[in-house]
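Take a look at the structure set out below.
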Amino acid sequence: MHLGHSVSDSNFGPIIKLQLHTRTAEVIMAGPPVIIWRNEVEQLLQYRELTPRLEEALGKFSRRDSAEVIQPVRTTVPLQKHSGFLGVMPTYMENDGVLCTKFVCFYKREEGSTLPATKATVMLLDPEYGNVKAVMDGEVITGMRTAAVSAISAKLLMRPEAEVLTILGSGLQALSHYNVFTEMFSFKEIRVWSRTRQSAEGFCRSVSGPVTVCASVEEAVRGADAIVTVTRCTEPVLFGQWVKPGAHVAAVGACRPNWRELDDVLMKEAVVYTDSREGAMAESGDIILSGAEVFAELGDVINGVKPAHRDKTTVFKSLGMGVEDAVSAQLVFDQWKAKASLP
Ligand SMILES: NC(=O)C1=CN([C@@H]2O[C@H](COP(=O)(O)OP(=O)(O)OC[C@H]3O[C@@H](n4cnc5c(N)ncnc54)[C@H](O)[C@@H]3O)[C@@H](O)[C@H]2O)C=CC1
Ligand SMILES: O=C([O-])C1=[NH+]CCC1
């Protein structure tokens, strides 16, 4: 490394050594990012470590302390030709030294399309040097952090005596939700509905435990204590008249202001929680078009600022937040460094 003049070990005073150390750090920082792809992320990310970190992050976000979390509403770029959107999701957690941006493309795919509905990549940056430390797969992160946050909403808002879980949809989010809900809770019955019986049966073959395939949404949701909606529908698929009073709904799909999963009856009857008020008012057709009031963010319940109305019908409208990706990516990076015995 060139410091502008020839040096030898014996000439180094402490200040020069510090400069060399700093410069060495800068050289390291300027190196290429670490690439951590799908298989490695799957090995490194576990719900038992991820979920508590996400619950802490939801509370930090809702405190609106800029030293804890800075997370603007995501920028969304329409990909009209492909009936999709690019979401850019920057997050800075100054106290934790985490700077992260997720790029996520999500699409309204045609029936029978084999193209993915969601594709995501997460970048971790060094907030001091500005370089990219790691580039990692966003599929597994998005699947797991979304499901874990839905499970946190159920932990806070679902009746403790819940026995029946219903999942509407049979794709990637349906699988991640099945996995974390069966890890965190014990249901007597789990039901699934999808647009085609074939895809619902394919879902059943991909999970470990017994799941009942239902022929209609009404059959799937009547009597259910917890309902997860993870469809790509844009018109209501879940109607309030079918939902048992006191049930908890984790509504994950319909992340555009003109897309719906839930009807007005459900939105008006339920106590509505969300991840981000700003995000919901910008992106949730279920909230915007129904005129439903957002009672609280999940972080407000975690912080003890707002009550959890377990005794009432509750809806957690999930849009997805960058802070969830940030803590997930940092956890993956920390686990990767530990595995590589790096500081
Ligand atoms: N809230 C959040 O943080 C996130 C939300 N999402 C959203 O969750 C939803 C599910 O995502 P993935 O599981 O990755 O998608 P996927 O394509 O893997 O599965 C979507 C499921 O919805 C069904 N479906 C598609 N069109 C439908 C329609 N018109 N009516 C009823 N069902 C329909 C499909 O058959 C499939 O079972 C999407 O809307 C996606 O945008 C995705 C990632 C994060
Ligand atoms: O938070 C997220 O990654 C997404 N929300 C809606 C589609 C993708």
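Listing for the model above:
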{"quantity": "Calculated from backbone phi, Karplus (6.51, -1.76, 1.60) coupling profile of segment 149-162 in Hz, x at Gly/Pro", "calculated": "5, 4, 5, 5, 4, 5, 4, 8, 10, 7, 5, x, 8, 4"}
{"quantity": "Probe 1.4 Å, accessible area per residue of segment 143-320, Å²", "calculated": "38 Å²"}
{"quantity": "Test item: Cα-centred dipole of segment 151-193, Lys/Arg +1 and Asp/Glu -1 on Cβ, debye", "calculated": "60 debye"}
{"quantity": "Dipole magnitude of the chain, debye to nearest 20 (Cβ charges: Lys/Arg +1, Asp/Glu -1, about Cα centre)", "calculated": "380 debye"}
{"quantity": "Carbon and sulfur %, accessible surface of segment 229-343 computed with the full protein complex present, 1.4 Å", "calculated": "55 percent"}
{"quantity": "Residues of type lysines that Lys317 reaches as a straight line, Cα spacing below 23 Å, ignoring anything fewer than 8 places off in the same chain", "calculated": "Lys60, Lys102, Lys108, Lys119, Lys155, Lys244, Lys268, Lys306"}
{"quantity": "The chain: antiparallel DSSP beta bridges as a percent of all, rounded to 5", "calculated": "50 percent"}
{"quantity": "Hz values of 3J(HN,Hα) by residue in segment 165-171 - Karplus curve (6.51, -1.76, 1.60), Gly and Pro given as x", "calculated": "10, 10, 10, 9, x, 9, x"}
{"quantity": "Full-stretch length increase - Glu110, Glu235 - with 0.36 nm per residue and alpha-carbon distance subtracted", "calculated": "43.6 nm"}
{"quantity": "Net charge of neighbours whose Cβ lies under 14 Å from the Cβ of Ser62, counting Lys and Arg as +1 and Asp and Glu as -1", "calculated": "-4"}
{"quantity": "Kirkwood-based shape ratio for segment 152-281, expressed as Rg/Rh from alpha carbons", "calculated": "0.93"}
{"quantity": "Cα-based equivalent ellipsoid, the chain: semi-axes from gyration tensor eigenvalues, Å", "calculated": "41, 21, 19"}
{"quantity": "Residue among Gln80, Val252, Thr166 farthest towards the positive dipole end of the chain, charges placed on Cβ", "calculated": "Gln80"}
{"quantity": "Between helix 322-339 and the chain: long-axis angle, C-alpha atoms, 0 to 90°, nearest 10", "calculated": "50 degrees"}
{"quantity": "Neighbourhood net charge (15 Å Cβ-Cβ; Lys/Arg +1, Asp/Glu -1) for Val332", "calculated": "-1"}
{"quantity": "Karplus-derived HN-Hα couplings along segment 110-121 (A = 6.51, B = -1.76, C = 1.60, θ = phi - 60°), whole Hz, x at Gly and Pro", "calculated": "6, 3, x, 5, 9, 6, x, 7, 9, 9, 9, 9"}
{"quantity": "Amide H contacts of Ile167 (H built 1.01 Å from N, under 5 Å, at least 5 apart or other chain)", "calculated": "Arg191, Val192, Trp193, Val228"}
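The values are calculated or read from the model by the stated rules, or taken from the named source; none is laboratory data. Please read all numbers here as calculations on a predicted model, not as lab measurements. Every residue, glycine among them, receives a Cβ derived from its backbone with ideal geometry; neighbour counts consider all protein chains shown. The protein model used for the area step is the full one, side chains on, heavy atoms only, and it has no ligands, DNA or RNA in it. Shrake-Rupley method; radii C 1.70, N 1.55, O 1.52, S 1.80 Å.
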